[in-house]
Amino acid sequence: MAQALSLAGLALGQVSPNPAVGAVVVKEGDVVGQGYTQLPGADHAEIVALKQAGEKARGGVLYTTLEPCGHFGRTPPCTEAVARAGISEVHVAALDDNPLVAGRGKAALEAAGLKVYLGEHEEEARQLNEAYIKYITTGLPFVIAKYAMSLDGKIATRSGDSKWISSQEARQLAHNIRYTCDAIMVGANTVMADDPHLTARSGHGRGGTGKKQPLRVIVDAGGRISPTANVFNGPGGALLALGSPAKKVETEALAAVGAEVVSLPSEKGMVDLEKLLQHLAGRDVTSLLVEGGGILLGSMFDLGLVDKVAAFIAPVIIGGGKAPTPVAGRGVEMVAEAVKLDRVSLTTLGDNVMITGYVVKE
């Protein structure tokens, strides 16, 4: 099952809105087939593993990180293929929260005479597909707030310089996180100040290799972003979320560089972020990485739209009352009202650290 989980990780960021699943077929103690979810419409993990195993699958054991589907979707039911292959027993890490599956796959396997064991590495399997689970149960993307800051909580100096607060190791891990997400979102001020590319350049093979890049989402209530900005160049799509209808000449200029434009309601100079998340979900965005700046992140926290936090902290002191902080917005009146995290973990990255945690929903 640990091998199946490792395989499932290879599908993250590539197969949405499907879950990232890994599967391994074992016969007499040897791995005879393995695989992970392919692009939507192509083979699921179990099918890849069974095809690789061939006749060796008969009498073998299947380990899969998520309950096999038992319904017709883009592909036929995996449960039928598992039974036809002659698998004797199936080990499932976690049931699928999709209402179309939700225990039906397990029941179909048992009805076909297979032994089914449930729950091995369940917590890891559910965490691996935390974005899919939220998306399939709520219809909204899983939102990760990510930022890098100094030890005194600054994301830039008072002059706006921010390169580089975090270490190279921390930046590489940040790119790996980008790789696993369907979309990256920033505010207009971040684009104008830093002119980022917002691409995933990681050791996983994205970034110029032809694999899917995350959608770049720019929140620009005032329509201030130039079509020459780096976010509109390079691999991957770009979406500009405006707070008012764009003029025809602006739309044409953005279309010329491959950008899409969506006009959303706005209030007090801020795009309706809840409507934006709904729009992204309609595009099969299951995971959204919000990278700033402070105004956008503050609004996301104020509205209770953040599910997870990934904060990179560098051992430097920037100082300055006017130096920006990672989270602005309205904030809370009392410390007791502060956003709380649980399942907190700490990762050391050279002399930097990354703290991750899940927002406690009231």
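Annotations for the structure displayed:
- Linear extension gain, Q172 paired with E333, 0.36 nm per residue minus alpha-carbon span: 54.3 nm
- Relative contact order for the chain, counting Cα pairs under 8 Å that sit 6 or more residues apart, in percent: 16
- Spin-label pair E80/E122, simplified geometry with 7 Å Cα→Cβ offset, distance in nm: 3.0
- Helical content of the chain, expressed as a calculated mean residue ellipticity at 222 nm, amounts to -7500 deg cm²/dmol (DSSP H runs of 4 or more residues, -39,500 (n - 2.57) each, divided by residue number, nearest 500).
- Amide H contacts of H91 (H built 1.01 Å from N, in plane; Pro and chain starts excluded): L62, Y63, T64, Y117 sit under 5 Å, all sequence-distant by 5 or more or on other chains.
- Label-point separation, K322 to E28 (7 Å along Cα→Cβ), nm: 7.7
- Ignoring aspartates and glutamates fewer than eight residues from K56 along the same chain, the ones with Cα atoms less than 13 angstrom from its Cα are E28, D30.
- Global geometry of the range 1-120, whether rounded, prolate or oblate, following the gyration tensor of its Cα atoms and the 1.5 cut on a/c: rounded
- Under 13 Å, Cβ to Cβ, from I155 - net charge with Lys/Arg +1 and Asp/Glu -1: +1
- If you take all other residues with their beta carbon under 13 Å from the beta carbon of F232, and give Lys and Arg +1 and Asp and Glu -1, the sum is -3.
- Over 23 Å between alpha carbons, listed pairs K146/K361; K106/K212; K106/K134: K106/K212
- Using the Cβ of G258 as centre and a radius below 14 Å, the other residues enclosed give a net charge of -1, where K and R count +1 and D and E count -1.
- Report note on the peptides 342-354, 139-151: ranked by the mean count of other C-beta atoms within 10 Å, highest first, their order is 139-151, 342-354.
- Taking 0.36 nm per residue of separation and subtracting the Cα-Cα distance, full extension of the segment from E250 to D195 would add 17.9 nm.
- Computed FRET value (nearest 0.05) for L151 with L303, which takes r as the C-beta separation and R₀ as 30 Å: 0.60
Here, each number is a calculation from the coordinates, and none is a lab measurement. Keep in mind that what you see is a predicted model, and the values were worked out from it rather than measured. Please note: Cβ atoms are built from the backbone with ideal geometry, for glycine as well, and neighbour counts cover all protein chains shown.
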